[in-house]
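The values are calculated or read from the model by the stated rules, or taken from the named source; none is laboratory data. Since the model is a prediction, treat every value here as computed from it, not as a measurement. Don't worry about glycine lacking a Cβ; one is built from the backbone with ideal geometry, like all the others, and counts go over all protein chains shown. Note: accessible area is taken over every heavy atom of the protein model, side chains too, but ligands, DNA and RNA are not part of it. Shrake-Rupley method; radii C 1.70, N 1.55, O 1.52, S 1.80 Å.
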Amino acid sequence: MNTLFSLRSPNISLGALIAQVIAWPLGRGWASRMAADQLVYPASMIWPGNLVSVTLMNAMYESVDDKDPSVIGGSMPRYWWFSIITFGSFVYYFIPGFLAQFLSSFAFMTWLAPNSPVVNQLFGYSTGLSLIPITFDWTQITGFIGSPLIPPWHAIANTMIGVVLFFVFLASVLHFSGAWYSQYLPMSDASTYDNTGNQYNVSRILSADYTLDVEAYNNYSPLFLSTTFAIAYGLSFAAIASLVVYTYLHHGKTIWRQYKSSTTEKPDIHMKLMRRYKEAPTWWYMSLFALMLALGFVTVLAWPTNMTWWAFLLAVFISFVFSLPIGIIQAVTNNQIGLNVLTEFVYGYIQPGRPLGLMIFKTFGYITMSQALTFVADLKFGHYMKIPPRTMFMAQVVATTFSCFVQVVVLNYALRTIPNVCEPTQAEHFTCPGGRVFFSVIWGLIGPLRIFPGQIYSSLFLFFFLGAVTPLIIHRLARRRPKSWLRYLHGACHIRRRRRHPPATPLNYLAWGLVGRSRFIISMY
């Protein structure tokens, strides 16, 4: 189901999509000690997303005889109430999803002025900023970003600060001032364009072996992006620098201290209870890692992937290095900073003009890290629920490996049988939003040397400096006023690229933030 509906926009899913077979065990391979010592055992590593699952499990399995008629559903068995809500959500989805799709993106301002470019740029959904973010479709809110009912309010607020500053204010200034030839392009979308304003025809610059035909590229056109798409790449650069600086300022001493005292640190109540179980041996993880590393080499070298063996090792190394600092941020804020642009940036320079090689490099350099942190989150969930570590390991290996093969079958079936699948005009919105972005014309085919330094988008490199300076400024201000609201500012979170933009739109983020704010206000009263 996840595989099939990941092709649809907005996404409908039950959890994180496992990208492919090999990257999953690679992530598990090095997750063992990192997870245990740094991201699972410390009580400060909360993993807010797990708290919802823990609460649900307790609500379903806890034996409570007292009923509370004053609460809606409080007088019926919990499973009955849960089943009713689940069925109601399933039925309701068909209203905005199929029967009345205008409710999914309720951009009524564009109905009042359908021929006004400015109104559509400011209030439109597909290519605008959605400044009045009204939607009656829950998948618009959660499909790309996740549930706004899970993260703490300060994490939501930090994300929304970045959205408003960069994707509303800065995008409006740049677009209406004509920066990057924006007057000829949409304000917000995930497509690429040529010098005539039409979508970029990739087939015109591809050679027979799926590499860049330089002469054909020179005879065709440079590549152009929408305003928010370009800013998203700039914020990706900022997020890389911000991540390093933030982790050093806020968690550098803690990481070093935990590394030195991980075997002597006083355990909390969860750790005391979990010591009754045997740990999954490290050699289990390392054996899985070694096996999948070997299979990765065979895949890269035995098939025409246009990727070298040392680039494969570099991708795995990038995942390994960034897993801990990104894991700390995710454990505290429930937000994961993706390595997609970093891996694209690196490979685009070292082996330009190889789009297939880039996708493989991106998979091992980014998805492997993402799957490692998914497993760490699962270990923390098992830690909360007192599930034996060996049981957790076996359940993950067997179930997830089996699901990988199922997903491949479902994906191939969908691509062969759904009419016009992955086309922007597909009738049921199976437009493959994630896949269209994952195949990067910018980084893998044309390459960053032809896009950034000395070219149209060279100014985006300034975001590296912005990302490094912002956490430092916030840290200094918060130290001067330790009890003020400044202590809740999170530089690596609010300056970070909106990880799913594109294909997510401003409507998805603004609606997500409004629901999160509403939940916070309701919880106060």
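Regarding segment 125-137, can at least one residue be identified that is within 21 Å of the chain's Cα centre (by Cα), farther than 18 Å from residue 189 by Cα, in a helix (DSSP H, G or I) and not β-branched (Val, Ile, Thr)? For segment 125-137, residues within 21 Å of the chain's Cα centre (by Cα), farther than 18 Å from residue 189 by Cα, in a helix (DSSP H, G or I) and not β-branched (Val, Ile, Thr): absent. A residue that is at positive phi and either at pLDDT below 85 or hydroxyl-bearing (Ser, Thr, Tyr) (or both) occurs somewhere in segment 326-339. Here is a check on your reading of the model: is residue 317 over 22 Å from residue 45 (Cβ atoms), open to solvent by 60 Å² or more (accessible area, probe 1.4 Å) and either assigned to a helix (DSSP H, G or I) or modelled with pLDDT of 90 or more (or both)? Answer is yes for this residue.
With respect to (1) modelled with pLDDT of 75 or more; (2) outside any loop (DSSP other than H, G, I, E, B), the lone exception for residue 434 is condition (1).
In segment 370-380, is there at least one residue being touching a Gly at 6+ places or on another chain (Cβ under 6 Å), of a type outside the set (A, V, I, L, M, F, W, C), surrounded by 15 or more Cβ atoms within 10 Å (Cβ to Cβ) and within 30 Å of residue 328 (Cα to Cα)? Yes: one or more hits.
State whether the residues of segment 483-497 include one that is among the aromatic types (Phe, Trp, Tyr), modelled with pLDDT of 85 or more, more than 21 Å from the chain's Cα centre (by Cα) and open to solvent by 50 Å² or more (accessible area, probe 1.4 Å). No, there is no match, as no residue in segment 483-497 is among the aromatic types (Phe, Trp, Tyr), modelled with pLDDT of 85 or more, more than 21 Å from the chain's Cα centre (by Cα) and open to solvent by 50 Å² or more (accessible area, probe 1.4 Å).
Within segment 190-232, the set of residues being open to solvent by 40 Å² or more (accessible area, probe 1.4 Å), within 21 Å of residue 171 (Cβ to Cβ) and among the polar types (S, T, N, Q) comprises 199 only. Taking the conditions (1) surrounded by 14 or more Cβ atoms within 10 Å (Cβ to Cβ); (2) in contact (Cβ under 8 Å) with a residue 60 or more places away in the chain; (3) of a type outside the set (Gly, Ala, Ser); (4) farther than 27 Å from residue 343 by Cβ in turn, residue 386 satisfies each one other than (1). Against the definition (within 25 Å of residue 520 (Cβ to Cβ) and assigned to a helix (DSSP H, G or I)), how does residue 162 come out, yes or no? Against the criterion (within 25 Å of residue 520 (Cβ to Cβ) and assigned to a helix (DSSP H, G or I)), residue 162 qualifies. If you go through segment 229-246 and pick out every residue that is in contact with a Leu (Cβ under 8 Å, 6 or more places away or on another chain) and hydroxyl-bearing (Ser, Thr, Tyr), you end up with 2. Considering the conditions (1) among the polar types (S, T, N, Q); (2) in a loop (DSSP other than H, G, I, E, B); (3) more than 25 Å from residue 163 (Cβ to Cβ); (4) at pLDDT below 85, residue 55 is excluded by exactly one of them, (2). Of all the listed residues (143, 178, 128), the sole one being surrounded by 23 or more Cβ atoms within 10 Å (Cβ to Cβ) and more than 12 Å from residue 512 (Cβ to Cβ) is 128. Within segment 356-371, residues that are in contact (Cβ under 8 Å) with a residue 40 or more places away in the chain and closer than 14 Å to residue 314 by Cα reach partners that are β-branched (Val, Ile, Thr) and assigned to a helix (DSSP H, G or I) with beta carbons closer than 6 Å, at six or more positions or on different chains, in the pairs 361/343; 362/343; 364/316; 365/318; 365/343; 366/343.
Contact annotation: residue pairs with Cβ atoms under 8 Å, 6 or more positions apart or on different chains, pairing a residue in segment 196-221 that is acidic (Asp, Glu) with a partner that is not in a loop (DSSP other than H, G, I, E, B), are 213/206. Residues in segment 75-118 that are under 30 Å from residue 184 (Cβ atoms) and part of a loop (DSSP other than H, G, I, E, B): 104, 105, 106, 107, 113, 114, 115, 116.
Considering only residues in segment 409-426 that are in a helix (DSSP H, G or I) and touching a residue at least 24 places away in the same chain (Cβ under 8 Å), the one that is surrounded by the fewest Cβ atoms within 10 Å (Cβ to Cβ) turns out to be 411.
Here residue 79 meets the list (1) free of Cβ contacts under 8 Å to residues at least 12 places away in the same chain; (2) open to solvent by 60 Å² or more (accessible area, probe 1.4 Å) almost entirely, failing just condition (1). Inspect all residues belonging to segment 199-210 and state whether any of them is at pLDDT 80 or above, more than 29 Å from the chain's Cα centre (by Cα), of a type outside the set (A, V, I, L, M) and in a loop (DSSP other than H, G, I, E, B). Checked segment 199-210: at least one residue is at pLDDT 80 or above, more than 29 Å from the chain's Cα centre (by Cα), of a type outside the set (A, V, I, L, M) and in a loop (DSSP other than H, G, I, E, B). Quick check: is even one residue across segment 80-94 closer than 26 Å to residue 380 by Cα and at pLDDT below 80? There is no residue in segment 80-94 that is closer than 26 Å to residue 380 by Cα and at pLDDT below 80.
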